[in-house]
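Take a look at the structure below.
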Amino acid sequence: MRDDIRPEPMRNFDPHKIAHYEKENYVAYYQKRWLKLLRVSVGMVKEAFSLSWPQAIYGAYLVARAEIAFAPFPDNDLPLAESYMRRFYQFLNGVHGADIDIEEAARLDMRWRIAHRQLFAREDNGPLVDALTDWYAAVYKVEPERVRPAAALRALGMLYSDRWVNAGKPEHSPLLIQEEEALGKSYTALREAVNTSPVPSSA
């Protein structure tokens with residue numbers, strides 16, 4: 001399939017804006033500041049998925065509800081979290097006319113979140129990189145090897161976030177700067193990968 005005929009809206013994003021929002025998202029999440037989480041999620045979802053402000057508010061609501069359901073440990077509600085993510089991917093399909101497999105995308109979304117929790121602050125995070133790679137490949141419909149470098153850099157950003165949590169979540173920390181830089185590189189690599197890789201044939 002030619003690059004000029006595949007859906008483009010979700011591939012046209014600003015890597016550094018998303019990196020900033022994602023870093024702030026993690027800060028709000030680990031501080032359990034749910035109103036801030038919803039606010040920064042709106043910006044992150046808007047930038048990442050090319051949504052209008054009203055669309056982003058609804059999309060961020062779904063993502064935030066999933067994150068809240070996933071947050072309590074060990075008493076989180078994974079089925080509820082996954083159900084909200086299915087609604088989110090169904091919403092994206094409706095907005096952009098995309099054909100994301102909502103069941104697969106939601107399942108893989110939960111898979112990387114679970115891997116992150118299990119490998120919290122560990123440098124040997126291969127399963128997290130694998131999970132992110134598979135999730136990107138499913139959402140953007142590209143070959144996994146194209147998005148693996150972006151997945152590895154995003155896992156590095158998460159590692160800096162984990163170290164920040166373990167350091168006591170100081171308000172001003174170089175770890176937050178390192179996190180945002182790694183995420184910026186990750187999304188730059190992702191944008192390049194999804195705009196230069198052909199969409200796999202469905203045949």
Q | Selection count where residues are crowded, with 21+ Cβ neighbours inside 10 Å and in contact (Cβ under 8 Å) with a residue 40 or more places away in the chain, scope the range 49-65 | A | 2
Q) Among the residues of the range 149-199 satisfying the criterion of being among the hydroxyl-bearing types (Ser, Thr, Tyr) and in a loop (DSSP other than H, G, I, E, B), which is nearest to residue 29 (Cα to Cα)? A) 173
Q | the range 132-161, subset under 12 Å from residue 23 (Cβ atoms) and small (Gly, Ala, Ser), residue nearest to the chain's Cα centre (by Cα) | A | 157
Q | Meets criteria (at pLDDT below 95, among the aliphatic types (A, V, I, L, M), within 23 Å of residue 186 (Cβ to Cβ) and in contact with a helix residue (DSSP H, G or I) (Cβ under 8 Å, 6 or more places away or on another chain)) for residue 98 | A | yes
Q. Taking the range 111-157, which residues are farther than 20 Å from residue 82 by Cβ, touching an Asp or Glu at 6+ places or on another chain (Cβ under 7 Å) and aliphatic (A, V, I, L, M)?
A. 121
**Q.** Within the range 181-203, considering residues that are loosely packed, with under 15 Cβ neighbours inside 10 Å and of a type in the set (Gly, Ala, Ser), the one modelled with the lowest pLDDT
**A.** 203
(Q) surrounded by 15 or more Cβ atoms within 10 Å (Cβ to Cβ), modelled with pLDDT under 90, touching a helix residue (DSSP H, G or I) at 6+ places or on another chain (Cβ under 9 Å) and farther than 21 Å from residue 189 by Cα: is that true of residue 68 in this structure? (A) yes
**Q.** Members of the range 67-100 found to be touching a residue at least 24 places away in the same chain (Cβ under 8 Å), within 13 Å of residue 29 (Cα to Cα) and assigned to a helix (DSSP H, G or I), listed by number
**A.** 67, 68, 70
Q. Does residue 18 qualify as being closer than 19 Å to residue 89 by Cα, modelled with pLDDT of 95 or more and not hydroxyl-bearing (Ser, Thr, Tyr)?
A. yes
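Filter the range 1-15 down to residues that are assigned to a helix (DSSP H, G or I) and within 23 Å of the chain's Cα centre (by Cα) and give me whichever is modelled with the lowest pLDDT.
Per the criteria, the residue is 9.
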Q: Sort out which residues of the range 162-180 are within 12 Å of residue 19 (Cβ to Cβ) and either buried (at least 20 other Cβ atoms within 10 Å of the Cβ) or touching a residue at least 40 places away in the same chain (Cβ under 8 Å) (or both), and write them in order of number.
A: 176, 179, 180
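The values are calculated or read from the model by the stated rules, or taken from the named source; none is laboratory data. Quick caveat, the model's predicted, so the values are computed rather than measured. Because the Cβ atoms are built from the backbone with ideal geometry, glycine has one as well, and the counts that use them run over all protein chains shown.
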